[in-house]
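The values are calculated or read from the model by the stated rules, or taken from the named source; none is laboratory data. Predicted, not measured: the structure shown is a model, and the values here were computed from it. Neighbour counts run over all protein chains shown; Cβ positions are idealised from the backbone, glycine included.
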Amino acid sequence: MKVFRIIISVVLVIVIGVVAYVGLFTGDAFKYLPAFQKGQESEIKGNTVIFLGSSITNGYGSYNISFADYLTSMYKVNSVKEAVNGTTLVDSGEDSYISRLKKLDTNMDVQMVICQLSTNDAKNKSPLGEVGNTYSIEDFDTSTVAGAIEYIICYCEDTWGCPVGFYTSFKYDSPEYEQMREILLQVELKWSMPLLDLWENEDVNAHNKKTHMLDDVHPTLLCYKDDITPLMYEFIKESTK
C-alpha cells in the first residue's frame, strides 16, 4: 500500500508539472514556439555554431527558448547553446563563460562561436581591465572583462579555427554596460571581430517593450523570433562567408 501511494504521488506530481508547463504556452505564446515556425531558405544550413552566454542566450524571459532554438528550427543551424543564467564573462567559477567553454568538445567542426556580452558583469561591477597589446592567450587577465573577451577569442580561434563574434544587449540604463561595450568596440578593431551591436540598433530598440521584453534586458519569445533571430541569421551568414 505504501508503494502504491508513492507511485500515485509521483504520477500526480508529473501530471501537475505537465499541466503547468503546457499552461505557460496558452494563448498567443503557443504559436511563437520554434517548432511551429516555417522553415526558411538558409545559406547556413548544417553549420555548427556555439552560442556562449548567460540568460539572454539561454532565453530566461521566454521559457529557456532563445534565438539559438529558432535558428535550429527555422534555418537548420546546428546550435550548441552553452548558456547558464546569471553567469559572467570574467572567470569567477565553474559556471563562468571560460570554464564552460573549456568543457566543450575540442574536436567539433565549428563554423562560428558567438558570445554574449553579459549584463551580469555590469550588474556585478566586474573589473573592466584594458585591451592588451598582445595576441598571446597566456597574457590575458581573465579576471577582467577585457581580458576574458580576448581570451575567449584567442581560445576559440586556436581550438576551432573559426570566426568568433560577440553580440550586445539591447540598450538599457547601465553606465557599467556602456563601459563594457566601449571595451568591446576596441576589441572589435584589434581582432577584426564580427560584432552584432544590438545596443545601437535603432529598429529593434524601438520595439514595443510590453510585448517584446520581459524586463529591461530579457526578450520575450516574440522578440527572439521577430527581432533577434533574423539579425543573427544575417550575422552568421556574413561572418562565415
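Quick rundown of the values:
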quantity	calculated
Sole exception among (1) more than 15 Å from residue 97 (Cβ to Cβ); (2) touching a residue at least 24 places away in the same chain (Cβ under 8 Å); (3) not in a helix (DSSP H, G or I) for residue 126, by number	(1)
Subset of segment 196-221 (residues that are more than 13 Å from residue 170 (Cβ to Cβ) and surrounded by fewer than 18 Cβ atoms within 10 Å (Cβ to Cβ))	210, 211
Number of positions in segment 57-73 that are assigned to a loop (DSSP other than H, G, I, E, B), out of contact with any Ser or Thr (no Cβ under 7 Å at 6 or more places or on another chain) and closer than 15 Å to residue 232 by Cβ	1
Selection count, segment 76-123, where residues are closer than 22 Å to residue 163 by Cβ, in a loop (DSSP other than H, G, I, E, B) and hydroxyl-bearing (Ser, Thr, Tyr)	2
Helices (runs of 4 or more DSSP H) (entirely within segment 157-241) containing at least 2 residues that are at pLDDT 95 or above and more than 19 Å from residue 70 (Cα to Cα)	175-191
